[in-house]
Amino acid sequence: MNILGISCFFHDAAAALLRDGEIIAAAEEERFTRKKHDYSFPLNAIEFCLRTGGIRGEDLDLVVFFEKPFLKFERILSSAMQTFPRSRQVFQESMITWLTDKLWIKGLIRQKLRVAESKILFSDHHLSHAASAFFCSPFEKAAILTVDGVGEWATATYGVGNGTDIKILREIRFAHSLGLLYSTFTAFLGFEVNEGEYKVMGMAPFGRPRYVEKVWKLIQQEPDGSFRLNMEYFSFHRSTHSTYNNKFVDLFGRPRHPKAHFFTPSSGYPAYFGERPSDYDGLARENQHYADIAASIQVVTEEVLLTLARHLHRETGLRQLCMAGGVALNSVANGRILRETPFDELFVQPAAGDGGGAVGAALFGYHMALGKPREFVMRHAYWGQEYGSAEVDAFLKTNGVAHTRIENDDTLIPRVVDAIQAGKVVGWFQGRFEWGPRALGNRSILADPRSPAMKDIVNTKIKFREPFRPFAPSFLVDRAADFFDLPDPRRHYPALYMLYVVDVKERQRDRIPAITHIDGTARLQTVDRDVAPRYHRLIETFGDATGVPLLLNTSFNLKGEPIVNTPAEALSTFNRSGMDVLVLGQHVIEK
Ligand SMILES: [Fe+2]
């Protein structure tokens, strides 16, 4: 039985193919179209899924769309109506976009996939998030929490998963949204909404949460976890281009300029910012204020999630928790939920944002609509497209790219380890690309975590990222306890997907400065031999050589571009950056 799940038309578009309850393929559309966060109908991702499954559209037994377009349209219209005429523009724009494709998704699917209308189903946005977490988890029974910007009406839900069923117990509705609160600060701090939330999280440890009380003026939470925003401070519900208003600015001051460099007295001033400005001290102080705001919204977000989780535990008595929705990508909050609530185990869907809704929709179809039993557990994120050795070879030869082909990993892996030890930055491309926003060793850029200079080198030569953002480590799951406060690491599922921030052991911090954040934490990925044997071997060999069984791992892309999919994109990224070595499967290319 083949079920296709689709999510699109809002944030990240994606498709996923489920065969007899097992995922066969899943990918976000942006990897194919090279348009970051592409939300258009995911034709390329669908074609990839069907190709991988060896089927055509007409062979599908079911197609499930991740949300209900009419409900969503109703929400957009009725919230625009409430504040009309101030919301005239939202009203007009939504009429125009919704009356073209969005309401006619059934027709679109029928036409593009040639499936009968009776085979097309619609899930609910938050139910898709819930299904993407619970049905991928190893738990027979679990509490479920979904938190995002907004779906149709819901912005957060909680419930219980039991076998093949999910019951939503409570939902919080638009415009009261924790995700939109965080995004409002993302915009205020000069970053792009739906993209810069990580930057706010990375900026927070440079600040002190001095404005927590001010943030609590914007949101009130009840002991049962439900929350309300004070809409006097926001404009996202009636505007398409601004999220906060003058009253918000009165409270927090002038917004940060998007083009301004962010640096504080403790962040350092990287060489690639150019010459130090003459008013360096004044600017550093000003940025400190913004870092304090980032720290404050981060703390409040964590507190809201902790209260929700504690309540959910009280109400369900369960020890396992599943999470999805964009806010579940807040890896600092995930770490606190596991440490500070009675939940002992947490599973987060790696594509926690809307792309993940494609997997959730397909699983909803299989288990909830058709009542089929569960057998699948998502133990890794390698569900994207793969390129075989022959294909890579042909590509390199056709394009006359000088390379060495090393069939034996006994030779290849020590060679890569030598390069990393020598301070080189390595593009590491193998197998199927990852599902979700993180690169986990199949489309990664790797470097030596021991070098204090490495963060700046990777930033300067390749990523051009903000200097305050930490790089993450990939490390051997069985050696985790030596370096991190992570007891029983195999049970920490979010660490499989780099969705989990923990403390680096104090005595180890100086040994791995390139991946230790300013507050002594790291957002880590655990690597298991059974799941990623070749990547595991690479890290193990590096560990044998250096005593440090981990590597700095950042995604294989340039700033503003999606993570690479094909060998050609990897080569182009390699050529346009200061990367030193590129490994495409068994092929090594050096500059
Ligand atoms: Fe969502």
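Just so it is clear, none of the values below were taken in a lab; they were calculated from the coordinates. In this text, all values refer to a predicted model and were calculated from it rather than measured experimentally. Reconstructed Cβ throughout: ideal geometry from the backbone, glycine too, with neighbour counts over all protein chains shown.
Kindly provide the helix-only [θ] at 222 nm of the chain, computed as the sum of -39,500 (n - 2.57) over DSSP H runs of four or more divided by all residues, to the nearest 500 deg cm²/dmol? Display every interim value, and only then the final one.
Numbers: 19 runs with 197 residues, N = 591.
That calculation yields -10000 deg cm²/dmol at 222 nm.
Test of understanding: express the Cα radius of gyration of the chain as a ratio to 2.2 N^0.38 Å, with N the residue count.
Numbers: Rg = 23.3 Å, N = 591, 2.2 N^0.38 = 24.9 Å.
Taking the Cα Rg and dividing by 2.2 N^0.38 Å, one obtains 0.94.
To the nearest 20 Debye, how big is the dipole of the chain about its Cα centre, given +1 on the beta carbon of each Lys and Arg and -1 on that of each Asp and Glu? Kindly include the intermediate steps, with their values, before the conclusion.
Values: 70 positive and 70 negative charges, 182 e Å.
That gives a dipole near 880 debye.
What does the extension gain come out to for residue 408 and residue 165, with contour length at 0.36 nm per residue minus their alpha carbon separation? Numbers along the way, then the final one.
On the way: separation 243, 0.36 × 243 = 87.48 nm, distance 4.73 nm.
Once the chain is fully extended between residue 408 and residue 165, it gains 82.8 nm.
Considering only 325, 272, 299, whose Cα is most displaced toward the positive end of the charge dipole of the range 243-335, charges sitting on Cβ of Lys, Arg (+1) and Asp, Glu (-1)?
325
Where does the charge balance sit around residue 419 when Lys and Arg score +1, Asp and Glu -1, over other residues with C-beta under 10 Å from its C-beta? Mind showing how you got there, number by number?
Working: positive: 415, 424; negative: 418, 448, 580, 590.
Counting the neighbours of residue 419, the net charge comes to -2.
Return the long-range amide H neighbours of residue 28 (sequence gap of 5 or more, or a different chain), with a cut-off of under 5 Å between placed amide H atoms.
436
Hey, what did the chain get for relative contact order, percent, Cα under 8 Å, at least 6 apart? Before the final figure, lay out the partial values.
Details: 1270 pairs, mean separation 96.4, N = 591.
Reported as a whole number, the value is 16 percent.
Pop out the ³J(HN,Hα) list for the range 334-349 in order, Karplus 6.51 cos²θ - 1.76 cosθ + 1.60 with θ = phi - 60°, rounded to Hz; leave Gly and Pro as x.
4, x, 5, 4, 6, 7, 10, 10, x, 5, 9, 9, 10, 10, 10, 5
In nm, give the distance between the simple-model label positions of residue 391 and residue 117, each being 7 Å from the Cα along the Cα-to-Cβ direction.
3.8
Which log10 I(q)/I(0) values does the range 472-590 give at q = 0.09, 0.10, 0.20 Å⁻¹ under the Debye formula, counting every alpha carbon as one identical point scatterer?
Relative scattering, expressed as log10 I(q)/I(0), comes to -0.27, -0.34, -1.17.
Residue 217 to residue 276: FRET efficiency via 1/(1 + (r/R0)^6), r the Cβ-Cβ distance, R0 25 Å, to the nearest 0.05?
Details: r = 37 Å, r/R0 = 1.47.
After rounding, the FRET efficiency stands at 0.10.
Please report the relative contact order for the range 209-273, taking Cα pairs under 8 Å with a sequence separation of at least 6, and give it as a percent rounded to a whole number. Numbers along the way, then the final one.
Working: 37 pairs, mean separation 10.7, N = 65.
Dividing the mean separation by the residue count of the range 209-273 yields 16 percent.
Taking square-rooted eigenvalues a ≥ b ≥ c of the alpha carbon gyration tensor, is the range 414-521 rounded, prolate or oblate, where a/c under 1.5 means rounded and, failing that, a/b exceeding b/c means prolate? Could the numbers behind the result be given before it?
Working: a/c = 1.45, a/b = 1.15, b/c = 1.26.
Verdict is rounded for the range 414-521.
If contacts are Cα pairs under 8 angstrom and at least 6 residues apart, what is the relative contact order of the range 533-587 in percent? List each step's numbers first, then the result.
On the way: 27 pairs, mean separation 9.9, N = 55.
With pairs under 8 Å counted, the relative contact order is 18 percent.
Sorted by packing (mean other beta-carbon atoms within 10 Å per residue), highest first, where do 412-423, 51-62, 137-148 land? Please report the intermediate quantities before stating the final value.
Values: 412-423: 17.5, 51-62: 15.5, 137-148: 23.7.
Ranking the peptides 412-423, 51-62, 137-148 by packing returns 137-148, 412-423, 51-62.
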